1. What about residue 95, is it within 30 Å of residue 16 (Cβ to Cβ) and assigned to a loop (DSSP other than H, G, I, E, B)?
2. Return the only residue of 468, 474, 431, 505 being under 18 Å from residue 33 (Cα atoms) and open to solvent by 60 Å² or more (accessible area, probe 1.4 Å).
3. Among the residues of the range 484-499 satisfying the criterion of being out of contact with any Gly (no Cβ under 6 Å at 6 or more places or on another chain), touching a residue at least 12 places away in the same chain (Cβ under 8 Å) and not aliphatic (A, V, I, L, M), which is farthest from residue 361 (Cα to Cα)?
4. What is the number of the single condition among (1) out of contact with any strand residue (DSSP E or B) (no Cβ under 9 Å at 6 or more places or on another chain); (2) of a type in the set (A, V, I, L, M, F, W, C); (3) open to solvent by less than 40 Å² (accessible area, probe 1.4 Å); (4) under 26 Å from residue 455 (Cα atoms) that residue 31 does not meet?
5. Would you mind finding the one in 372, 381 that is modelled with pLDDT under 95 and open to solvent by 10 Å² or more (accessible area, probe 1.4 Å)?
6. Identify the residue in the range 50-84 that is surrounded by fewer than 16 Cβ atoms within 10 Å (Cβ to Cβ) and modelled with pLDDT of 90 or more and, among all such residues, is farthest from the chain's Cα centre (by Cα).
7. Could you tell me which residue of the range 262-274 is farthest from residue 47 (Cα to Cα), considering only residues that are open to solvent by 10 Å² or more (accessible area, probe 1.4 Å) and among the hydrophobic types (A, V, I, L, M, F, W, C)?
8. Residues in the range 293-307 that are open to solvent by less than 30 Å² (accessible area, probe 1.4 Å) and farther than 23 Å from residue 41 by Cα: how many?
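The values are calculated or read from the model by the stated rules, or taken from the named source; none is laboratory data. All values derive from a computational prediction rather than experimental measurement. Backbone-built Cβ (ideal geometry, glycine too); neighbour counts: all protein chains shown. Note: areas computed on protein heavy atoms with side chains; ligands, DNA, RNA excluded. Shrake-Rupley method; radii C 1.70, N 1.55, O 1.52, S 1.80 Å.
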Amino acid sequence: MRRTSGVLLHLTSLPSRFGIGDLGPEALRFAEFLALAGQKRWQMLPLGPVAASLGASPYSSFSAFAGNVLCVSPEALCEEGLLARRELDACALPRTGRVDFPAVARAKTALLRQIFDRAWPRVEDDPAFRAFILDNATWLPDFGLFMAAKERFGGAAWTDWPEGLRLRREEALRAYGEELHREIVFRQYCQWLFFRQWGNLRDELARLDIELVGDVPIYVTHDSADVWANQRLFKLDAAGRPLKVAGVPPDYFSKTGQRWGNPVFDWEVVEAEGFAWWISRLRHNLGLFDVVRLDHFRGFAAYWEIDAAEKTAVKGRWVPAPGARLLEALRAAHGSLPLIAEDLGIITEDVVALKERFGLPGMKILQFAFGPHTPESPDAPHNHEKNCVVYTGTHDNNTTRGWFAEEATPAVRRLLARYLGHKPTEATIVREMLRLALASPADHAMLPAQDLLDLGSEARMNVPGVARGNWGWRAPEGGLCLRGAGRALAEDLRGLCELYGRTPRGPAEEEPAA
């Protein structure tokens, strides 16, 4: 196993002219930055469609399979001849440090409809488009009808649709499929554009020898094509509403726990069907990514189940899950398990046993390492095993600079000084923590882009338990490419990775004198 390092940066956080990071030139420039910096992995958050009504969270999506078409690149469409240059300039949005999701959705949807209207008379006869629909037949028809029906019923949740459609009666599916045919094809066409551009990015990353790391949430959103099309797989009442919902008990992030509200799986039914839905989901994601992070891995051993009527996650119970049998089925279907286990939070022996049985690397978070528990903390570098991924922090943490300035107590700062052998300051702490991550025995180190840029809490991606104002951070232009300061940052990072054995040294580098 080679030692590697990579960067955690969600696609939407890239700079662009169109209000949101996308699959266009800036993604390719970032890939070149990673290559020069000696990085071997680019980790993203989930790629599914997001909505302002769901807080724009990539963990609350209308589909576990579809792509976020807000990330379709207008510039790439222009290169394909689908947009004129003047039209490209007209759809640009003001350059800001945060994504305005409603504004982006309006602009990008109008643009995609314009392109689709031109293609409409002939798109269904396009052999490539027809092949795309066939290749994605397990989810794309349901997703297209789901999104078209949401549009038809003013955005209403599927549980409020007419009974026949809500219950997926054959005559209703046929009737609405005919009525909404053009809108269904539009949704499928947008997905075709997204995955075509995604394929181009993957090809470029493969050329640069950079792996993509994806993120698969254990749960799916109740108001999604997945639950509507597979109601039998979830604990729902006769009207389709959740009987039990998911979350986690009180922990480091929240005194009342986190009530996520996702419906929990009826694992008996899922297993009776041979875990077919999960196999399809993993196969799809491993077609998009080289490695997949399983979010909330502890839920595969046992999950926190909350009565849907409860307002918080305090009152819940642990329910065993068939994680070993699921992973066996996934391995049998795929042949290997290129997965990362997100094993944060309350971790019990059964979770550790499940992870170790399948040889899955877990996660270590340096921000969690320092306190009275440091000598025995699994997050402290001296306790890291090789088969793990070390992060300074994740998308749920503050940035390292923000953590040190706003969250690290005087006691934590004193302990950090003892651990490092000198007193860190707000100006030096990020560099110190990056060095700890890269020097760790862990096979893989993952560095949040915000820490590479030495940014404060204004650049935080998410505050768990807060429903609004998250997920919008965008990287400043020029910081993560090969122009100006970005090139110097890439060269400096490469030097650190060479020093700590995470990338081969350049041919011109000489051994230090004895």
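1. Details: within 30 Å of residue 16 (Cβ to Cβ): yes; assigned to a loop (DSSP other than H, G, I, E, B): yes.
So residue 95 passes the test.
2. Details: 468 fails: under 18 Å from residue 33 (Cα atoms); 474 fails: open to solvent by 60 Å² or more (accessible area, probe 1.4 Å); 431 fails: under 18 Å from residue 33 (Cα atoms).
Residue meeting the stated conditions: 505.
3. By that ranking, first place goes to 487.
4. Of everything listed in (1) out of contact with any strand residue (DSSP E or B) (no Cβ under 9 Å at 6 or more places or on another chain); (2) of a type in the set (A, V, I, L, M, F, W, C); (3) open to solvent by less than 40 Å² (accessible area, probe 1.4 Å); (4) under 26 Å from residue 455 (Cα atoms), residue 31 misses just condition (1).
5. Details: 381 fails: modelled with pLDDT under 95.
Being modelled with pLDDT under 95 and open to solvent by 10 Å² or more (accessible area, probe 1.4 Å) holds for just one of 372, 381, which is 372.
6. To start, the set of residues in the range 50-84 that are surrounded by fewer than 16 Cβ atoms within 10 Å (Cβ to Cβ) comprises 52-53, 79-81, 84.
Filter again for modelled with pLDDT of 90 or more, leaving 79-81, 84.
Details: 79: 28, 80: 28, 81: 30, 84: 32 Å.
This residue is 84.
7. Taking the candidates together, the pick is 272.
8. 9
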